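Beneath this line is the structure, given in structure tokens, with notes to follow.
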Amino acid sequence: ENASVYADAESPIEVVALDGGRYGLISGWRRLAALRRLHAETGSESFALVQALLRTPETASDAYVAMVEENEIRVGLTYFERARIALKAVEQGVFEDRRAALQGLFGSASRARRSKIGSFIPVVAALDGALRFPASLTERLGLRLAKAMEGSETLAQSLKQTLLREAPASLEAEQALISKALAPPPRPRGNRPGMRELRPGLSVRETAKGVTISGAALTPELKAQLLAWLGTPR
């Protein structure tokens, strides 16, 4: 994914006024994220500013709903983007909680789709800003990540630190880091089930089909001696 695809400083983003002189982003997140990345990479002031249109709907929730509907039709939002919209709407006080945001923003979606969006919200909360290609996080990988985060207190923070440290330059590199973090831990080294140690570094496994000898002490010399002994006529 190339940042220049979404980077256009002359195309305005849309914002809504919030309390305390702050502004909430309604549309243009891809564009804003791309401009930020290009500014960080190039230092060019042409990417430092972006035009913004101030929208003043009757309520902020109306603005968010309108943004979701428009972008679903125009570009098709990813699950990460949908979840991010819901999370930001809650953080900015537009909706009371995540459940209300999901219902208010995606009420026309099926229950299954709302559930998937809800599953992505913890991923957004943990990794927003650390992912360099968040809009390309696939449904399958995102749901795997969400499930893994539920069962681990350290995965989210560890993965975030890895992403920030490695700063992957491509979508493939980023998703490789995520997949690596999701890989099961290596099994502790030791004897396989049914194995018994004959001596340090040498184990044997006996089954109805035969005997298996293995281990670091099974050197080529010892193997040759065993084969020679087995082949000696009695």
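The values are calculated or read from the model by the stated rules, or taken from the named source; none is laboratory data. Please read these numbers as outputs of a predicted model, since none were measured by experiment. All Cβ positions, even for glycine, are placed from backbone atoms using ideal geometry, and neighbour counts span all protein chains on display. Areas reflect the complete protein model, heavy atoms only, side chains present, ligands, DNA and RNA absent. Shrake-Rupley method; radii C 1.70, N 1.55, O 1.52, S 1.80 Å.
Step by step: first the residues of segment 98-108, then only those that are part of a loop (DSSP other than H, G, I, E, B) and more than 23 Å from the chain's Cα centre (by Cα), then the one that is surrounded by the most Cβ atoms within 10 Å (Cβ to Cβ). Which residue is that? Walk me through how you get there before you give the answer.
Of the residues in segment 98-108, the ones part of a loop (DSSP other than H, G, I, E, B) are 106-108.
Filter again for more than 23 Å from the chain's Cα centre (by Cα), leaving 107-108.
Details: Gly107: 9, Ser108: 11.
Top of the filtered list is Ser108.
Go through segment 136-166 and give me each residue that's of a type in the set (A, V, I, L, M) and closer than 22 Å to Lys116 by Cβ.
Step one: filter segment 136-166 for residues of a type in the set (A, V, I, L, M), giving 137, 141, 143, 145-146, 148-149, 155-156, 159, 163-164.
Of everything in segment 136-166, those that are of a type in the set (A, V, I, L, M) and closer than 22 Å to Lys116 by Cβ turn out to be Leu137, Leu141, Leu143, Leu145, Ala146, Ala148, Met149, Leu155, Ala156, Leu159.
Given the conditions (1) in contact (Cβ under 8 Å) with a residue 40 or more places away in the chain; (2) open to solvent by less than 50 Å² (accessible area, probe 1.4 Å); (3) of a type outside the set (Asp, Glu); (4) touching a helix residue (DSSP H, G or I) at 6+ places or on another chain (Cβ under 7 Å), report the number of the one that Ala63 does not fulfil.
(4)
Give segment 151-164 a look and list any residue that's small (Gly, Ala, Ser) and open to solvent by 30 Å² or more (accessible area, probe 1.4 Å), or say none. Quick ask: steps written out before the conclusion?
Residues of segment 151-164 that are small (Gly, Ala, Ser), as a first pass: 151-152, 156, 158.
Hits for segment 151-164 are Gly151, Ser152, Ser158.
Would you confirm, using the coordinates I've provided, whether Leu131 is open to solvent by 10 Å² or more (accessible area, probe 1.4 Å), touching a Leu at 6+ places or on another chain (Cβ under 8 Å) and closer than 17 Å to Gln161 by Cβ?
Details: open to solvent by 10 Å² or more (accessible area, probe 1.4 Å): yes; touching a Leu at 6+ places or on another chain (Cβ under 8 Å): yes; closer than 17 Å to Gln161 by Cβ: yes.
Against the criterion (open to solvent by 10 Å² or more (accessible area, probe 1.4 Å), touching a Leu at 6+ places or on another chain (Cβ under 8 Å) and closer than 17 Å to Gln161 by Cβ), Leu131 qualifies.
Does Leu141 fit the bill of being assigned to a loop (DSSP other than H, G, I, E, B) and surrounded by 14 or more Cβ atoms within 10 Å (Cβ to Cβ)? Please lay out each step first, then the result.
On the way: assigned to a loop (DSSP other than H, G, I, E, B): no; surrounded by 14 or more Cβ atoms within 10 Å (Cβ to Cβ): yes.
No: the conditions fail for Leu141.
Select, from Ala125, Ala173, Ala148, Ala167, the only residue that is open to solvent by less than 90 Å² (accessible area, probe 1.4 Å), of a type outside the set (Asp, Glu) and under 30 Å from Val16 (Cβ atoms). Let's see the steps before the verdict.
Numbers: Ala173 fails: under 30 Å from Val16 (Cβ atoms); Ala148 fails: under 30 Å from Val16 (Cβ atoms); Ala167 fails: under 30 Å from Val16 (Cβ atoms).
So the residue among Ala125, Ala173, Ala148, Ala167 that is open to solvent by less than 90 Å² (accessible area, probe 1.4 Å), of a type outside the set (Asp, Glu) and under 30 Å from Val16 (Cβ atoms) is Ala125.
Here is a yes/no grid of residues against (1) among the β-branched types (Val, Ile, Thr); (2) modelled with pLDDT of 90 or more:
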{"residue": "Pro57", "(1), (2)": "no, no"}
{"residue": "Asp62", "(1), (2)": "no, no"}
{"residue": "Met67", "(1), (2)": "no, no"}
{"residue": "Arg74", "(1), (2)": "no, no"}
{"residue": "Tyr79", "(1), (2)": "no, yes"}
{"residue": "Val90", "(1), (2)": "yes, no"}
{"residue": "Gly93", "(1), (2)": "no, no"}
{"residue": "Ala125", "(1), (2)": "no, yes"}
{"residue": "Asp128", "(1), (2)": "no, yes"}
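List the pairs whose first member sits in segment 112-135 and is outside any helix (DSSP H, G or I), whose second member is open to solvent by less than 50 Å² (accessible area, probe 1.4 Å) and of a type in the set (A, V, I, L, M), and whose Cβ atoms are under 6 Å apart, counting only residues at least 6 apart or on separate chains?
Here the result reads Ala130/Leu163; Phe133/Leu171, each pair linking segment 112-135 to a residue that is open to solvent by less than 50 Å² (accessible area, probe 1.4 Å) and of a type in the set (A, V, I, L, M).
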